[in-house]
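Single-structure report; data block below.
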Amino acid sequence: MNTRLASVLCIALALAAAPACKKSDKSGPAVAKVGDEVITADEVRQRLNETSPFLRARYSTLERKKEFLENMVRNELLAQEAIRQGYDKSPAVREQMKRAMIQELIKRQLDAKLSGSDIPDEELKKFYEAHIDEFVKPERARVLHIFLPATDAKQRAEARKHAATLLKDIDGREKKGEVNAFQSVAMKESKDPLSAPMGGDLRFLSKDELAKAYNPELASAAFDLKNPGDKAGPLDTPAGVELVKLQVKTVALSRTLDESKESIRQRMARERRSRDYDEWVKKLREGTKVTIYEPELEKIQVDQATQPPGQSGMNPHAPPQVLPTAAPSPAQKAPPTAASKIGGN
């Protein structure tokens, strides 16, 4: 059968077989009748409200409403014809119905508390205090340094002279376009055994962290630099003389509890729902006899399809998804729902 038609029939069948289509569940005056099936005003209103506000505004006149209703009538005709032809017993259709039922079950069972409005402020405060590092972060800098040791005045004078020569060499090479000149010199000249092999890279550190890991003089000089590429030195430090170059700085973060409440509420609600889902499925499994026939499972041969272009980063051993997840809206990425965990996600 034509694939496009099959898709239409599957969708139409889902509409026809949905619980809302039972006569006993319907409410509101009838606006159309298709065979024995009644389409009510409430159904039309619900479908209209599911469209975007921009499209919804088009259906303010009777003619436009009739156009919208005609689409529902067409779907109902297709659904009834699909049932007459036995597609309601098709394995593919039954699988689609099963997926839809599971999504609806999870939505009603677990998603009622998605907003987290029932989480008290005291719990939000506890979460904030337990994860304070996520809301209050100091300014951090990634710097490069070259360390030349000196234990007395004579060695320090020689180290300062050598550092000045190195700095002049670095400046000259950078002006000629050698962007990694500092790193190259650090690998060759720096006597810091930890950072020299990495071109003098000290990674991202706060001022306090840099002072504790190395020395306050280096930390102060590094954080006095304003722009990426700025350099300082020669610097006198307790163990010798140093040159330092700023790679990049991150802005300090300081969010109060009040500023963070809503994001905390949403995160706690998602984590709670995930826990509730795991516990719920565990109870369902404990209450139902489940038998796995491993010998038969092992016999299943999986077709090794050719990998589509552009999919080289995908894991070929990842388990297949059993259920689809709802796609996020273009404006905002949707938070993960409990339903998204089905199928190995």
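The values are calculated or read from the model by the stated rules, or taken from the named source; none is laboratory data. This structure is a prediction, so every number in the text was calculated from the model and none was measured. No Cβ is skipped: glycine too gets one built from the backbone with ideal geometry, and neighbour counts run over all protein chains shown. Protein only, heavy atoms only, side chains kept; ligands, DNA and RNA dropped before computing areas. Shrake-Rupley method; radii C 1.70, N 1.55, O 1.52, S 1.80 Å.
Please give, to one decimal in nm, the separation of the simple spin-label points placed at Glu50 and Ser254, each 7 Å out from Cα toward the Cβ.
5.0
If Lys and Arg each add +1 and Asp and Glu each add -1, what is the summed charge of the other residues whose beta carbon sits under 11 Å from the beta carbon of Arg140? Could the numbers behind the result be given before it?
Details: positive: Lys137, Arg142, Arg203, Lys207, Lys249; negative: Glu139, Asp208, Glu209.
Charge balance near Arg140 sits at +2.
Report, as a whole number in µm² per second, the diffusion coefficient that Stokes-Einstein gives for the range 85-228 at 20 °C and 1.002 mPa s using the Kirkwood radius over alpha carbon pairs.
Numbers: Rh = 21.1 Å.
Estimated diffusion coefficient is 102 µm²/s.
Using a basic spin-label model with each label point 7 Å from the Cα along Cα→Cβ, how many nm lie between Lys176 and Val136?
Label-label distance for Lys176 and Val136, simple model: 5.0 nm.
On a full-extension model of 0.36 nm per residue, what is the gain between Ser117 and Ile300, subtracting their alpha-carbon distance, rounded to one decimal in nm?
Values: separation 183, 0.36 × 183 = 65.88 nm, distance 4.72 nm.
Extra length from Ser117 to Ile300 when fully extended: 61.2 nm.
When the accessible area of the range 158-290 is computed with all protein chains present and a 1.4 Å probe, what percentage of it is carbon and sulfur? If you can, show how the numbers build up before the last one.
On the way: 4230 of 8050 Å².
Answer for the range 158-290: carbon and sulfur cover 53 percent of the accessible area.
Quick one: net charge around Asn215, please, counting Lys, Arg +1 and Asp, Glu -1 for every other residue with C-beta under 13 Å from its C-beta.
Values: positive: Lys207, Lys212; negative: Asp192, Asp208, Glu209, Glu217, Asp236, Glu242.
After counting each charged neighbour, the total is -4.
Could you please put Leu235, Leu148 in sequence from largest to smallest accessible area, using a 1.4 Å probe?
Working: Leu235 35, Leu148 10 Å².
Highest to lowest solvent-accessible surface, that is Leu235, Leu148.
Once the whole set of protein chains is in place, how much accessible area is left on Val38, using a 1.4 Å probe, in Å² to the nearest 10?
40
Please state the relative contact order of the range 215-304 as a whole percent: Cα pairs under 8 Å, 6+ residues apart?
On the way: 46 pairs, mean separation 15.3, N = 90.
After rounding, I find 17 percent.
Would you kindly find the accessible area of Ile83, with a 1.4 Å probe and non-protein molecules such as ligands, DNA and RNA excluded, rounding to the nearest 10 Å²?
80
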